[in-house]
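Novice: One structure coming up, written as structure tokens, with questions to follow.
Derivation of every value follows stated rules applied to the coordinates shown; laboratory data play no part. No experiment lies behind these values; they were computed from the predicted model shown. For neighbour counting, all protein chains shown are included, and Cβ atoms are generated from backbone atoms with ideal geometry for every residue, glycine included.
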Amino acid sequence: MVAATLVGMQSMPGLVILYGSIVKKKWAVNSAFMALYAFAAVLICWVAWGYKMAFGNKLLPLWGKAGPALDQNYLVSQAVIPAAGANAYFPMASMVYFQFVFAAITLILLAGSVLGRMDIRAWMAFVPLWLTFSYTVGAFSLWGGGFLYQWDVIDYSGGYVIHVSAGIAGFTAAYWVGPRLKQDRERFPPNNVLLMLAGAGLLWLGWAGFNGGDPYAANIDSSMAVLNTNICTATSLLVWTCMDVIFLGKPAVIGAVQGMITGLVCITPAAGVVEGWAAIVMGVLSGSIPWYTMMVLHKKSKLLQMVDDTLGVFHTHAVAGVLGGALTGLFAEPTLCNLYFSQSGLRGAFYGGSGGVQFLKQLAGAGFIIGWNVVVTTIILLVIRLVIPLRMSDEQLLIGDDAVHGEEAYALWGDGEKYDISKHGWPDDTTGHGDIIRQGARGPTIEL
């Protein structure tokens, strides 16, 4: 439950804060609310039908049988994943909640691709549909005893199930939703860099529950996972920052946060099954390869330029997730694999034997997750588009939060508004006390 709470705090308040501060001021409320809504909606869908589709009895090689996870007798029984033949020494209620926070953060990460223009009503419809038809398939296939699990594809804590899924689905969604306004694409500064760092800090430290909780016990594997996670993340952040300095001339705080995220993502599929030196190597690669795809390749590719991926989730999660999964196929250490997996003989290519085959299996697993998310995300959005516009109107896009929610993050006029004397008034200092009274966007504003 501690690990689940840490992962939950990555979303609430971690990503709520991060999204609300990393975007342009006029989108702070909308971006934070998209994360807040997803967290709540996923929980209800998860206990109503989603959990058993991901971790219940087998229906298809890639799907479990849907059903509610609300019955008292079910929730107080010993936790078990029937199709995988796994069990844990805590009640099923803990398992349901633990797996929920992973499902929730996947949708919230995906949202990073469509911030600043997706119609909130379309997002409200998209969340339960994508959870049902995409997330549960990846989770069952790799974790719940499905065909990728049976095929021994290694995904320790969600490199494929969570990050590749979020990155690919987010990129696909960004394509169908359409771009932000031209001026927003050209200039989209964070409204609060320090608050952005606070959200990033919650994300980093919460990863102790993300990777450390997956063995379902406080054991050797959990300890290795937490240490490796921090080693890889720190290395990745430093490498990304060095790349910024060498090629761009100055270190960027947003760049450091991106490097932190790619490190966290890259180590996730391997956290408890690689040695410390491998975590450093993975950190070097996760700080450089996604940097190259984001800062260099992105500017050369017509497809990447055409799709408006607001926070670059494709690079930070899809690229880094596939990279981490492939490197797991190289660096998975046999003894550590035996500590975590019930299957024997798993190893990376670096350790000889069947490791070369494992590397190919990792690539095949990534291919399935990529293909499924492209197709299913496309179908879901095309269906939603029949009844709800995917993109906000140009008027809403011009104004931002005030037009969409009737609320603003800061009691300031300017971003997304035109100065209007009849609305904003002139400073009037007739009190003699230095107070400035003027008509704000939605009523009088008194500044001291």
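Novice: Going through the range 129-220, which trypsin sites (Lys or Arg not before Pro) have at most 11 other Cβ atoms within 10 Å and a DSSP loop state? List each step's numbers first, then the result.
Specialist: Working: sites: 180, 182, 185, 187; in loops: 180, 187.
Those that pass, being in a loop and sparsely packed, are 187.
Novice: At q = 0.18, 0.21 Å⁻¹, what log₁₀ I(q)/I(0) does the range 218-281 have when each alpha carbon counts as one equal point scatterer in the Debye sum?
Specialist: Each listed q maps to, in turn, -0.60, -0.74.
Novice: Per residue of the range 288-295, what does 6.51 cos²θ - 1.76 cosθ + 1.60 with θ = phi - 60° give for ³J(HN,Hα)? Whole Hz please, x for Gly and Pro, Karplus curve as stated.
Specialist: Each residue of the range 288-295 in turn: 10, 5, x, 4, 5, 5, 7, 8 Hz.
Novice: Rounded to the nearest 500 deg cm²/dmol, what is the calculated helix-only ellipticity per residue at 222 nm for the chain, with -39500 (n - 2.57) per DSSP H run of length n ≥ 4? Spell out each step's value before the answer.
Specialist: Details: 22 runs with 253 residues, N = 448.
Estimated from H runs of four or more residues: -17500 deg cm²/dmol.
Novice: Quick one: 3J(HN,Hα) in Hz for the range 39-46, Karplus 6.51/-1.76/1.60 with θ = phi - 60°, rounded, Gly and Pro as x.
Specialist: 3J(HN,Hα) across the range 39-46, in whole Hz: 4, 6, 5, 4, 4, 5, 5, 5.
Novice: With θ set to phi - 60°, apply the Karplus curve 6.51 cos²θ - 1.76 cosθ + 1.60 along the range 270-275 and write out the HN-Hα couplings as whole Hz, x wherever there is a Gly or Pro.
Specialist: For the range 270-275, the Karplus-derived couplings read 10, 3, x, 10, 10, 7 Hz, x marking Gly and Pro.
Novice: Which of the peptides 240-248, 53-61 is most tightly packed, and how do the rest follow, judged by the mean count of other Cβ atoms within 10 Å per residue?
Specialist: 53-61, 240-248
Novice: Separate question: How do the peptides 253-262, 103-112 rank, highest first, by the average count of neighbouring beta carbon atoms within 10 Å per residue?
Specialist: Numbers: 253-262: 24.4, 103-112: 27.4.
Order by mean packing, descending: 103-112, 253-262.
Novice: Then there is this: Looking at the calculated P(r) for the range 107-185, what percent of the C-alpha pair distances fall above 19 Å?
Specialist: 42 percent
Novice: Name the long-range amide H neighbours of residue 115: under 5 Å, sequence gap of 5 or more, or other chain; modelled H, no Pro or chain starts.
Specialist: The answer is 310, 311.
Novice: OK, next. Taking a cut-off of 17 Å between Cα atoms, list the lysines near residue 65, but don't count ones fewer than 8 places away on the same chain.
Specialist: List returned: 52.
Novice: Something else now. Under 5 Å between amide H atoms, partner at least 5 residues away or on a different chain: which partners does residue 81 have, H built in plane at 1.01 Å?
Specialist: For residue 81, the qualifying residues are 86, 87.
Novice: Give the average over all directions of the projected area of the C-alpha convex hull of the range 161-240, one decimal, in nm².
Specialist: 7.5 nm²
Novice: OK, next. Take the residue pairs 182/300; 300/361; 25/182; 26/300; 25/300; 302/361 and return only those whose Cα atoms are more than 27 Å apart.
Specialist: 300/361; 26/300; 25/300; 302/361
Novice: Could I ask something else about it? Give me, ordered by chain and number, the residues 5 or more places off residue 274 or on other chains with an amide H under 5 Å from its own placed amide H.
Specialist: 333
Novice: What's the ranking of 66-79, 199-212, 130-143 by average number of surrounding C-beta atoms within 10 Å, highest first? Spell out each step's value before the answer.
Specialist: Numbers: 66-79: 13.4, 199-212: 22.2, 130-143: 25.4.
Top to bottom by mean Cβ count within 10 Å: 130-143, 199-212, 66-79.
Novice: Another question about this same structure. Helix 92-111: angle to the longest alpha-carbon principal axis of the chain, degrees 0 to 90, nearest 10?
Specialist: With both axes taken from Cα atoms, the answer is about 50 degrees.
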